[in-house]
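Since the structure comes first, as structure tokens, the remarks are kept for the end.
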Amino acid sequence: MITERFSKIVAWGYIAALVAVTFAHLNWQAEFGNPFNLYRAVALCLAGMLARLAYPQSPSFTCLLMIASVSALCFSHFLVNGNYGSPMDLIVAMTGALWGLAIGAMLSRLISPTSKRTALY
């Protein structure tokens, strides 16, 4: 089974890779697709899922992490291209991250069906 530390490294590494691809040379972006399209929504969905699997006991933290990640990606896109994109791009990115969080929550329940909370007697 995947350890908790390894899953955290994978989640943070994936988010860092998304930012790196955004800062990459424009030829790389052409190969990976426009940052604000379906590919970005799927990438953020995967990031949300990995974050939720890495932090199964912290749903608030993962939501804040994905909000910060989407904001950082929008800001890095601004630094690279000089524009923020449209509001619809932000909505699509946040929706992709939200779906990832939901899928990650479902998968974490399937992987670990027993709750780690202690019973109060």
>> Where the second residue is modelled with pLDDT under 85 and open to solvent by less than 40 Å² (accessible area, probe 1.4 Å) and the first is more than 19 Å from Cys63 (Cβ to Cβ) and in a loop (DSSP other than H, G, I, E, B) and lies in segment 34-47, which pairs have Cβ atoms under 6 Å and are six or more apart or on separate chains?
In response: Pro35/Thr22; Pro35/His77; Phe36/Asp89
> Leu64 fails exactly one of the following numbered conditions: (1) open to solvent by less than 50 Å² (accessible area, probe 1.4 Å); (2) at pLDDT 90 or above. What is the number of that condition?
Replying inline: (1)
>> Kindly evaluate Thr114 against the criterion of being among the polar types (S, T, N, Q) and at pLDDT 85 or above.
In response: no
> What is the residue count in segment 67-99 for residues that are open to solvent by 70 Å² or more (accessible area, probe 1.4 Å) and part of a helix (DSSP H, G or I)?
Replying inline: 9
> In segment 48-61, what residues are among the aromatic types (Phe, Trp, Tyr) and either modelled with pLDDT of 90 or more or part of a helix (DSSP H, G or I) (or both)?
Replying inline: Phe61
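The values are calculated or read from the model by the stated rules, or taken from the named source; none is laboratory data. Since the model is a prediction, treat every value here as computed from it, not as a measurement. So basically every Cβ, Gly included, is an ideal-geometry build from the backbone, and we count neighbours across all protein chains shown. These accessible areas exclude ligands, DNA and RNA; they are computed on the full protein's heavy atoms, side chains included. Shrake-Rupley method; radii C 1.70, N 1.55, O 1.52, S 1.80 Å.
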